[in-house]
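Remarks on the structure that follows.
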Amino acid sequence: MRRLHRLHRHIRRWLRAYVSPLGWATLALAIMLWVTFGCFGWHELLAAAIVCTVMLLAALVMSLGNTAFDATISVSQLRVSINDEVNVQVDVRNPGSAPTASARADLPMGDMHERFNIPMLGSHQSKHTSVSFKAVTRAVLPVGPLMIRKGDPFGLMRHEHKLAQRVTVFIHPDIVILDRLHAGIPRDLEGNPSGDIVDDDLDFYGLREYEPGDDVRNVHWLSSAKTRTLMIRQFEATRRTDTSITCDVNPDDYPDSRAFELAVSVHASLGVQALREGRPLYMNAGSTHVKPANPTQFLDQCSAIEPDFQDERNLVRGALMFTPDASFYAITVGAFKPLDDIRHMVMALPAAATCLVVQVAPGAPRALHVFPEFTLATVGSLDDLPPVMGALR
């Protein structure tokens, strides 16, 4: 009884794997026609039943065959820029001693599919296929896995399985090289001097008399002995050079997809420059909040930025949640972002921090407006960004 149950389970699994929905419908139709012919004896029903049965048997015979292939997928480059050519190499091999049957291969590349035939392969024979495509837009593009299909031309029976691992190709956004973000500002071991005088930091400033409640660890004993009064060391407060960059991903703030891509490119250019200067960088884009270690890792994250209608309208709120102590905040927004909304959100930033808001408006003349709380830069193309950043110095 256990063996019969196991056999029945294997048969059901085989039928689910090999018979398509159209095949099940044809089988049900054939059974119904045979039963109806047995009841009424109409020869038309007999002819239709025979046709359905022959189609099922022919489909079963054509779908059988050895498809135990091995496959590997490789790409010329895992990281490319827009307009670069990507070459994909697919090798299908017969690892066994028995010959394989011919089959169809389907290689998904994002939303595209490359389909090709695999001929009968003898023992240890292989088929090499090359596919090339041009990276036309920024994306994280999955290539594979390779799908092997064996079936009939009617679509009644199928035998398919996946081979090889998926390969991910990162298509990076366009960027431009910028000058230093904070040119001319001296830096110490931890950051930039802020001008504020505090009782505990790294940059020594001077001495003052002791006041009740002061930490005695800051007493300068040599000066205290000379003046016969406790003297407390003072320091100039320093700020770390942490940089926080935020990209507005709400499509309502952009006139079209071209403007959105320009915003991503501006966002990516600012981040790459910060990492080239060795600054700790925090990236915010929609629900993504990461601290990339190098420009390549950062650009991989930029490739994955997608529009999100549910994005937080107050972009500073998310930036402060993850980087409350940054010294430089750069926020990229769309042309439809109202100026009043920008003013309202930047008011929450630390007073000692520098804030740059870059508003992208394709075709608009570049402009620079300085407000008490922030600087607003307008760019109409990616080439406008370097002169705008240069003017900030």
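Excluding ligands, DNA and RNA, the accessible surface per residue across segment 231-360 is 39 Å² with a 1.4 Å probe.
Reported to the nearest whole Å, the Cα centre-to-centre distance from segment 118-138 to segment 358-372 is 48. Straight-line cross-link reach from Lys150 at under 12 Å between alpha-carbon atoms covers these aspartates and glutamates, not counting any fewer than eight positions away in the same chain: Asp106, Glu160. Modelled spin labels at Arg79 and Arg276, positioned 7 Å past Cα toward Cβ, are 1.5 nm from each other. Suppose the Debye formula is applied to equal point scatterers at every Cα of segment 243-391; what is log10 I(q)/I(0) at q = 0.09, 0.20 Å⁻¹? For segment 243-391 at q = 0.09, 0.20 Å⁻¹, log10 I(q)/I(0) is -0.23, -1.35.
Packing around the peptides 359-370, 313-324, taken as the average count of other Cβ atoms within 10 Å per residue, puts them in this order, highest first: 313-324, 359-370.
On a per residue basis, segment 70-172 carries 51 Å² of accessible surface, using protein heavy atoms and a 1.4 Å probe. Ligands, DNA and RNA left out, the 1.4 Å accessible surface of segment 72-137 is 47% carbon and sulfur atoms. First compute the accessible area of segment 246-393 with a 1.4 Å probe, then give the percent of it belonging to carbon and sulfur atoms. The value for segment 246-393 is 52 percent carbon and sulfur by accessible area. Dividing the radius of gyration of the alpha carbons in segment 70-172 by their Kirkwood radius gives 1.02 for Rg/Rh.
The values are calculated or read from the model by the stated rules, or taken from the named source; none is laboratory data. These numbers come from a predicted model, not from an experiment. Glycine gets a Cβ as well: all are built from the backbone with ideal geometry, and neighbour counts include every protein chain shown. Ligands, DNA and RNA are excluded from the accessible area calculation, which covers all protein heavy atoms including side chains. Shrake-Rupley method; radii C 1.70, N 1.55, O 1.52, S 1.80 Å.
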